[in-house]
Every structure is written in structure tokens, then in C-alpha cells.
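> Below are the C-alpha cells for one structure; questions will follow.
The values are calculated or read from the model by the stated rules, or taken from the named source; none is laboratory data. As the structure is a computational prediction, the values presented were derived from the model and not from experiment. For neighbour counting, all protein chains shown are included, and Cβ atoms are generated from backbone atoms with ideal geometry for every residue, glycine included.
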Amino acid sequence: MQVIAHCPICMSDAFISHGKRSAQGNLNFYAQFVPNPIDRFDRDIHECLQCGMQYIYPMYENGDLAVLYDSEGYQRFRNAISKAALATAANADANKIDYLNYILERSAALGLARHLDTHRQKHKGRAARLLDIGSGEGHELHAFSAMGFDVTGIDLSDPLIAEVKRTYGHEVRKIALEDMDTREKFDVVTAFHLIEHLKDPHALFAKVRDLLNPDGIFLVETPVAEDGGLTAQRFRDIYHTMFFDHFSLALLAAKNGFIPLRMTHRHFHAGTYFHSYMTMVFQYNPVFHAMFGQFETVAILWMKSILSTLIEDARDWGRNDLRYRHKLGAEPIRFPTLATAASEIKQAG
Ligand SMILES: [Zn+2]
């Protein structure tokens, strides 16, 4: 039987292959924590010729994901990344505060504070409810709580849930997104660096739609695929299944009835790493949803015009952001090189 590759976003079977992820160099150090990483997690990297999406093929099965995320290895990987990101330097606390400030600043650029104010006025002072999917170490959750949101975090990792309680005092629920009861509603849902790990991002958007109040917004942050030369490096990370650009992310959202409202795009160098992230805020619109199904070409053209405006704005914000950080004299966050991360892991035993 011939297996046809389908883009996980637009379902087109037109693609070019960039070869195996292992052909991009050694799999990243995370691979050492799972059994037989090459046999099990090596995949072809495809690029969709219709929407530009980059994804592994064949896509992981649920059993693959269970091996990746249930392992003690995932915990050690998170610890290594988090520690190295926030605490390689002697001034770990300063780095952490700098990172929290960065989240607040980025949130301001995305209009979240305004959203919070409008919500308060409309709802007799009640704070907007925010759900953070995959809270991890809780930095974002804490920053949003400090902003005034009534926050709820969900995660599947017991050690991370305990860490958030210890560090910030927030209770994170241990529950998968798909198991959330949709009678519970939120005004804002956030997903930081989550969708590049999934096998079905459409299911994520559909579930978020059901959890949002009318006028609620969905904030998604993910690495950008299109920045030259980086994709290969990122696909060496066996936890990554796909990379978006501005269009493919907006297309995923639009297919589920969401319109892009705001966007930021941030580049920074950290040691040998070059990072490029986009953060987009979407709003569900039932009329647009119905229209998209019937008039897809028109809807995409309209969405593209919104997107080009947002991209221009995001470039401006990126420049302002760099100036702001320079003025503060804050050190950039130091992300680990492979060598430092590996030595962290070794020290952690
Ligand atoms: Zn596609």
C-alpha cells in the first residue's frame, strides 16, 4: 500500500522532502534519554508546497509521544533547559526577573493589559480568567497572575507541578487539555512553545474554541520556521514535530474559525543559538468560521491582508524591544549551547 503524506495543516499531499532529521547532524542531546532514538524518532522532514508548513513524516503515533513525555528523560531535559536558561549565570534571580519582565513587556505589546481592562469594565471588576496549557516551570503563569489575570495552569508532569507550587505558589492542575470540561470557560487561553510538539494542532484549536467565552482570545507562541538555516537544527530535537511560519499558523487558526488580532516577532542571539519566535493572538469569530468553510479562497486572501499589516507592526515592536533591553542594560537570557546543557545533565547525575 502506498502511504500518502498529508500536510497536518492544509492536508495537501504536495511536498518536498529535506531528508532524514538525522541527516541534519546528530540528534540533539535529549535523544540520549529515550531508548533507540534513531530507530524510533528519526523521520523525514517534509515541507508543504501549498502552505509552507514543515513537519516530520510519518507523524508520531500516540505510543511515540508516551515514550517521549512519560520518561524521566523529559524531566531531566526540562531541568537542563530551564536551569541553563535562567541560571547558568551567577545572577540567576536577575535573569529570572528579566525574563518575567520580558513576558510582561511582550504581553503589553500584544494588547493583553488592554484586554484585561476592557474585561473588568464589562464584568463589574471581575478579572479575566486565563488558562495556560502546559505551564511547565510556571514563569508565564506567574507573570500573567502579576498582571491581574485570574490564572489556571494545566500540565501533565508531577515534578513541574510541584516546582510551580514551590517557586510561585500557584496550583497547577494535572489534566490533559482534551480532558478539560468545556462547561468551564476562560477569557484568555495561552500556549507557549506547545504546538511545535503536537501531532494534531487542529484538535488543539478546536478544544480551545470550546473553552473560550465569546470575545475570548487565544495566544500562541512558537518558533518561526522560515529563518534561514535554523530548521535543520530545530528538527534535530526529537520533541519537535512541526514548524510554522506566519501564514501556516494563521491558516491553521483560520480553518478553526480564529482571526489573527495581534502579533510580535522576536529574534535574538544567545551564544551559538539564534532564536526566532512569533507570538500571535487570535479571536474566534463564528461568522468567519462559517464563511471560511464556504469561501476558502476569499477568506485566505482577506486573512493574508490582515497578516501583512501585523507583520509590519511586529517588525517595529522588535526594534523597540531591542532598544528597551539595551536601555535597561539587562543581560540577554542565556540559553544553553549543546556543550553547557550536556555538562548540566552530567552534573545532575
Ligand atoms: Zn500545507
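> What are the pairs, 6+ residues apart or on separate chains, where a residue within region 237-259 that is closer than 16 Å to LEU198 by Cα and outside the structural domain of GLY293 (by TED's automatic domain parsing) has its Cβ under 7 Å from a residue that is buried (at least 21 other Cβ atoms within 10 Å of the Cβ) and of a type in the set (Gly, Ala, Ser)?
none
> Can you tell me which residue is modelled with the lowest pLDDT among those in region 5-21 that are near the ligand (Cβ under 10 Å from one of its atoms) and of a type outside the set (A, V, I, L, M)? Before the answer, list the steps.
If we filter region 5-21 for residues that are near the ligand (Cβ under 10 Å from one of its atoms), which is where we start, we get 6-15.
Narrowing further to those that are of a type outside the set (A, V, I, L, M): 6-8, 10, 12-13, 15.
Values: HIS6: 90, CYS7: 95, PRO8: 95, CYS10: 94, SER12: 94, ASP13: 93, PHE15: 94.
The extreme case among them is HIS6.
> Is it the case that THR182 is among the hydroxyl-bearing types (Ser, Thr, Tyr) and within 27 Å of MET59 (Cβ to Cβ)?
Here the answer is yes, as THR182 does meet what is asked.
> Which residues, taken from region 126-166, are aliphatic (A, V, I, L, M), surrounded by fewer than 18 Cβ atoms within 10 Å (Cβ to Cβ) and assigned to a helix (DSSP H, G or I)? Please lay out each step first, then the result.
Residues of region 126-166 that are aliphatic (A, V, I, L, M), as a first pass: 127-128, 130-131, 133, 141, 143, 146-147, 151, 154, 156, 160-162, 164.
Adding the requirement that they be surrounded by fewer than 18 Cβ atoms within 10 Å (Cβ to Cβ) leaves 127, 146, 156, 162.
Once the filter is applied, which keeps residues that are aliphatic (A, V, I, L, M), surrounded by fewer than 18 Cβ atoms within 10 Å (Cβ to Cβ) and assigned to a helix (DSSP H, G or I), region 126-166 yields ALA146, ALA162.
> While we're here: Quick one: count up the residues across region 237-250 that are in a helix (DSSP H, G or I) and surrounded by 24 or more Cβ atoms within 10 Å (Cβ to Cβ).
3
> Of all residues in region 44-95, how many are in a loop (DSSP other than H, G, I, E, B), within 16 Å of the ligand (Cβ to nearest atom) and either surrounded by 15 or more Cβ atoms within 10 Å (Cβ to Cβ) or at pLDDT below 90 (or both)?
Result for region 44-95: 5.
> Follow-up question, since we're still on this one. Under 6 Å by Cβ, and 6 or more places apart or on different chains, what pairs join a residue from region 41-63 that is in the same structural domain as ALA250 (by TED's automatic domain parsing) and within 19 Å of ALA203 (Cβ to Cβ) with one that is assigned to a strand (DSSP E or B) and within 13 Å of the ligand (Cβ to nearest atom)?
Short answer, once both residue conditions are applied: CYS48/PHE15; TYR55/HIS46; TYR55/MET242; TYR57/HIS46.
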